[in-house]
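A.B. asks: Mind looking over this structure? Questions follow.
The values are calculated or read from the model by the stated rules, or taken from the named source; none is laboratory data. Fair warning: this is a prediction, and the values are worked out from it, not measured in the lab. We place every Cβ from the backbone using ideal geometry, glycine too, and count neighbours over all the protein chains shown. These area figures cover heavy atoms from the full protein model, side chains too; ligands, DNA and RNA do not enter into them. Shrake-Rupley method; radii C 1.70, N 1.55, O 1.52, S 1.80 Å.
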Amino acid sequence: VLARLGNRIGLPTIPLFILAGILLGPNTPGFVLLKDPHDLEMLSALGLVLLLFYLGLEFHMDDLKTGGRKMALAGGAYLALNVGAGLAFGFLLGWGTSEALVLAGVLGISSSAIVTKVLVDLGRIGNPETKPILGIIVVEDIFLALYLAALQPVLSGAEDLAAAALQIGKAFGFLLVLAIAARYGTKVIGRLFATKDNELLVISFLGAAVLVAGIAEEFGVADAIGAFMVGLMLGNTASGERIRELVHPLRDAFGAIFFFGFGLSIDPGDLPTVLWPVLIAVVVTLMMNVLAGLAAARLYGFGAQPTANISTTLLARGEFALILATMAAAAGLDDRLSPFIAGYVLILAVIAPLIAGRSHWLARILPGGRGDQEPPRALSPEDEALAKSTP
């Protein structure tokens, strides 16, 4: 019901699923759907695996070649500004070193799901600034895999530096094996998964994602990143397009359970205790996104309006922040992290699409803006075909 209501006013579903979990959870007065959030633990874990599996499917190895130097520089600048600001913010809060490392990732990585939805909803897929936006998302996805692999041993409490280095080495070694398989084993993997039967294909890719996710966890890599790498492998096979279509309903259904399950674990009474840190973090993210947008625009030679579009489109935070919240809770970190991340994600997931749709307001105050207006929306392929066929 909340998702349908949100759809009518243009809100993304992620914050609404979290809100549903908060309202129907054991920490909110009224009807309680589930008294123990752990009852959804397995389904939530599967939702997380499928979300990252889908991101891997959408990531193409060719993107690393076609994006080139500009993509790497724009993505690097975005990460340096946002992750750096998040780390500094985390240390200033004084909640602890592990907590600061978690907050660096929370404040530093955009939501691929919401960014893609914003681009589609606003008709900007064909805009020139969309290429660097997607390039930054690609760089963030690569960083995400490496960051989680390095963070997992830290959060699991390695006894000393040597133990931490060993765990990180195991994690990166496992990721390297998967990356080599994704790069050079596409033909073999493609033959293994080749089948005309959709039922067999669904069972095959779902089984592979869950299996590798479990093995990844044994090697100290977050299970979701193992699933991401499986998606990366399968997305480049001949069956990749069919898998993308078949995984959509699974991703949406179990992803909704993941976000809902996260909401169940949130106590609304804790939100006021982190209200000011959340609001400060939102302001910091807004500022860093504007600076990152200016840096990307300078690389690509864009004017004020494309700069504003880049800055506002990449603003949302979502699934990756919640992955870190789940890892932090499992590691027994500061209890304030979960309500902080929930409040931060809720606010940005709601306001980011609204701000992106009004990016011309930001363009007016940027260098060279002079009251620029939003450019005409790009035509959809259907509308473009209709326009060409109309005298």
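A.B. asks: Pick from Leu24, Leu43: which is farther than 30 Å from Ser239 by Cβ, hydrophobic (A, V, I, L, M, F, W, C) and surrounded by fewer than 22 Cβ atoms within 10 Å (Cβ to Cβ)?
C.D. replies: Of the residues listed, the single one that is farther than 30 Å from Ser239 by Cβ, hydrophobic (A, V, I, L, M, F, W, C) and surrounded by fewer than 22 Cβ atoms within 10 Å (Cβ to Cβ) is Leu24.
A.B. asks: Let me ask you something else. State whether one or more residues within the range 60-81 are on the phi < 0 side of the Ramachandran plot, crowded, with 19+ Cβ neighbours inside 10 Å, among the acidic types (Asp, Glu) and touching a helix residue (DSSP H, G or I) at 6+ places or on another chain (Cβ under 7 Å).
C.D. replies: no
A.B. asks: In the range 175-187, what residues are in a helix (DSSP H, G or I) and either under 15 Å from Ala208 (Cβ atoms) or open to solvent by 30 Å² or more (accessible area, probe 1.4 Å) (or both)?
C.D. replies: If the condition is that a residue be in a helix (DSSP H, G or I) and either under 15 Å from Ala208 (Cβ atoms) or open to solvent by 30 Å² or more (accessible area, probe 1.4 Å) (or both), then Leu176, Val177, Leu178, Ala179, Ile180, Ala181, Ala182, Arg183, Tyr184, Thr186, Lys187 are the ones that fit.
A.B. asks: In the range 219-231, is there at least one residue being assigned to a helix (DSSP H, G or I), of a type outside the set (D, E, K, R), open to solvent by less than 40 Å² (accessible area, probe 1.4 Å) and over 20 Å from Ile137 (Cα atoms)?
C.D. replies: No: zero hits.
A.B. asks: Please report, ordered by residue number, the helices (runs of 4 or more DSSP H) entirely within the range 243-333 with at least 1 residues that are touching a Pro at 6+ places or on another chain (Cβ under 6 Å) and surrounded by 24 or more Cβ atoms within 10 Å (Cβ to Cβ).
C.D. replies: Passing ranges, in order: 275-300.
A.B. asks: Follow-up. Take the conditions open to solvent by less than 30 Å² (accessible area, probe 1.4 Å) and of a type in the set (Val, Ile, Thr) and apply them to Ile18. Does it pass?
C.D. replies: Answer is yes for this residue.
A.B. asks: Right, here's the next one. Does the range 238-254 hold any residues that are of a type in the set (A, V, I, L, M) and more than 21 Å from the chain's Cα centre (by Cα), and which are they?
C.D. replies: Step one: of the range 238-254, the residues of a type in the set (A, V, I, L, M) are 238, 243, 246-247, 250, 253.
Ala238, the sole residue that qualifies.
A.B. asks: Assess whether Ala194 counts as being among the aliphatic types (A, V, I, L, M), touching a residue at least 40 places away in the same chain (Cβ under 8 Å) and surrounded by fewer than 18 Cβ atoms within 10 Å (Cβ to Cβ).
C.D. replies: Taking the combined requirement at face value, the residue satisfies it.
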